[in-house]
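Reviewing the structure listed below.
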Amino acid sequence: MKILTQNPLALSGFIIIVAVLFIAIFAPWLSPYDPNYIDIHSILLPPSVSHFMGTDGLGRDVFSRMLYGSRISLLVGIVAVGIATVIGTFLGAIAGFYRGYIDSIIMRFVDTMLSIPTFFLILAVIAFLTPSIWNIMIVIGLTSWMGVTRLVRAEFLSLRNREYILAAEAMGASDFRLISKHLLPNSLTPIIVTSVLGIASAVLTESGLSFLGLGVQAPQSSWGNILTDGKEYIQFAWWLSLFPGLAILITVLGYNLLGEGLRDLLDPKNKNQKK
Amino acid sequence: MLIGISLISFFIMHLAPGDITASESAFNPKASEESRQKLRALYNLDKPLITQYGLWLKRIVKLDFGNSFASHQRPVLWETKDDKGNVTKGMIQDALPITLMINLIGLIIIFVLSIFLGVVSAVNQNRWPDRLITVIVFIGFAIPGFWLALLLMYWTGVTHSWLPISGLHSAGYEKMGQIAQYLDLFKHLILPVFVSSLGGLASISLYVRNGMLDVLQQEFITTARAKGLTENKVVYGHALRNTLLPLITIVGLSIPGLIGGSVIGESIFAISGMGKLFFDAVLMRDFPVVMGILTIGSVLTLFGNLIADIGYAWADPRIRRGITN
């Protein structure tokens, strides 16, 4: 908390994220209408007092749908990145700790995954599974752990021969203890930064997939699939396209600001620069 | 490495439930279980996975990616001649140049603009040009490309009709003169290229800025300044050259992202490049096309990385002479 206030970037990012979190949690109480209620008497109404963001082609209230949509992007971001971080940290830790041929096998695998265009891979898998929010989260998670692996491995390699690690080893600490009690806590900072930035790109990926119709399925609303509707009606209803895009923009911006801000704050190299 | 890629793309395809026979016969209620079996046998789908992979790999080595499962049965990679001498063009053969063109133009723009923005930003650290550029960069990072594409399309194409909004050529393209043809293509390319290069522009200019800030701190810069060199020479002659080195690698690494990003861009602008081809193939469960594009895309990436490595060696005398540190 105290760290955050020192950096305006990180602070504004943090505020945005807390706001989105708040909206996502309290969506049922904040939204004036049922997000899936179809009202054929009020189709494509422009924004007004009764419908802040207008209505869509089925007469549903866009504002309420947006509020519920925030839950999707939040959930996808956090779960996908959670999966990626767990896999990435695990593989990176093993590679960096044991080195040798285990390391080369894991890193070759990482290189291979990295050279397949990620969005193609995600698209291929998603299209063959039934598109659903859970599948999206899992697939995004399974295709974005490589960065974390590289990072954790590099971190472990540089920490592995420090004196305190050698001392712990000499005292008979098990491999598991060395990794979990000594090495991991000391590599936590870059992992956190990468994860926060990862959430940003996961949110973008989800909205892209939903936009293509391969993501969250109707009637459930996500910012991406509201935009798909917006594309259909772009000539008559600008509000359907404008608001979800803005929401994605602001949320992603929030995670990026927080991530970059944290990186600046926690990186000792940058501290020296400022002096 | 290549084998790994082919393995991954092959098995993902085949782990998926449902196959082409399901979608082909879904439209035909008369299709019996027997005729489905025949179809499967025709496409070798009845053999065990390992055998299928082996067969596929054997053909890949000969650069034969097979024919599309879709009804027109076009070859996936390259043109073939049938007995009567009719040439059928390959699907990737048609699509690849389009995507490559958009992305190469995009890369050049990214390179030039982001170096400029990054340098301006670094030289004016914490003054208004830096602040302004940083804000733009952060927004560029966060903006969903397809949303921007949609808005731009609406604004420039529909409301003002300044720019064409879809495809690569206007109607009557064949009848235009040479220059008019180029101009027409150029107009069609503005929006897709802009949208596809925005994300890369943001990340690379941020990278140039941070790299420049690092380098400008170093002692040889102080030395250069002390020698009385002009600020321009110090910045562009000494600092920038040292910042550009790692940039080569970054650009190499960004290639898969660019190719992957083409899916959304090409679907919105209705451009029949690799991305759209892939998207359509995925929806139709057209295994040969999907696997062909995954493989070709990955090969392109490896090729890009190779070029990046060579470029690195070419640009850095320390590597060229095999000196480490």
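The values are calculated or read from the model by the stated rules, or taken from the named source; none is laboratory data. Please read these numbers as outputs of a predicted model, since none were measured by experiment. Every residue, glycine as well, gets a Cβ built from its backbone with ideal geometry; the counts of neighbours run over all protein chains shown.
List of remarks:
- Residue list for the range A:217-250, restricted to those being at the interface with chain B (Cβ under 8 Å from one of its Cβ atoms) and polar (S, T, N, Q): A:Q235, A:S241
- Qualifying residue in the range B:192-209 (condition: closer than 27 Å to B:F138 by Cβ, modelled with pLDDT under 75 and assigned to a helix (DSSP H, G or I)): yes
- Looking across the range A:48-77, the residues that are over 17 Å from A:S210 (Cα atoms) and at pLDDT 75 or above come down to A:R60, A:D61, A:F63, A:S64.
- Selection over the range A:197-217 of residues that are more than 23 Å from B:K276 (Cβ to Cβ) and hydrophobic (A, V, I, L, M, F, W, C) gives a count of 5.
- Those helices (runs of 4 or more DSSP H) of the range A:133-245 in which 1 or more residues are among the basic types (K, R) occupy A:146-159, A:223-232.
- The test for being farther than 12 Å from A:G92 by Cβ, surrounded by fewer than 17 Cβ atoms within 10 Å (Cβ to Cβ) and not aromatic (F, W, Y) does not hold for A:E206.
- A:I192 meets each of the listed conditions (1) buried (at least 17 other Cβ atoms within 10 Å of the Cβ); (2) at pLDDT 85 or above apart from (1).
- Selection count, the range A:185-220, where residues are of a type in the set (A, V, I, L, M) and more than 19 Å from A:I248 (Cβ to Cβ): 4
- A:I23 being within 12 Å of chain B (Cβ to nearest Cβ), farther than 30 Å from A:S158 by Cβ and assigned to a helix (DSSP H, G or I): no
- The listed residue being modelled with pLDDT of 80 or more and buried (at least 22 other Cβ atoms within 10 Å of the Cβ), out of A:L257, A:L242: A:L257
- The range B:113-129, subset among the polar types (S, T, N, Q) and in contact with an Asp or Glu (Cβ under 9 Å, 6 or more places away or on another chain), residue farthest from B:N210 (Cα to Cα): B:N124
- A:D111 more than 19 Å from the chain's Cα centre (by Cα) and within 14 Å of chain B (Cβ to nearest Cβ): yes
To keep it simple, each residue is scored yes or no on (1) in a helix (DSSP H, G or I); (2) surrounded by fewer than 21 Cβ atoms within 10 Å (Cβ to Cβ); (3) within 12 Å of another protein chain (Cβ to nearest Cβ).
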| position | (1), (2), (3) |
| --- | --- |
| B:L229 | no, yes, no |
| B:A239 | yes, no, no |
| B:S272 | no, yes, no |
| B:A281 | yes, no, yes |
| B:V289 | yes, no, yes |
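- Boolean, B:F116 is under 18 Å from B:I250 (Cα atoms) and buried (at least 16 other Cβ atoms within 10 Å of the Cβ): no
- Filter result for B:G252 (at pLDDT below 75, facing chain A (nearest Cβ under 9 Å) and within 18 Å of A:M113 (Cα to Cα)): no
- Within the range A:16-28, residues that are closer than 9 Å to A:L74 by Cα have Cβ atoms under 9 Å from residues that are aromatic (F, W, Y) in these pairs: A:A24/A:Y68, counting only partners at least 6 apart in sequence or on another chain.
- Complete set of residues in the range B:126-149 that are outside any helix (DSSP H, G or I), surrounded by fewer than 20 Cβ atoms within 10 Å (Cβ to Cβ) and either away from chain A (no Cβ under 12 Å) or modelled with pLDDT of 80 or more (or both): B:R127
- Restricting the first member to the range B:292-307 and to residues that are facing another protein chain (nearest Cβ under 10 Å), and the second to residues that are outside any helix (DSSP H, G or I) and of a type in the set (A, V, I, L, M), the beta-carbon pairs closer than 6 Å and six or more apart or on different chains are B:S298/A:I116.
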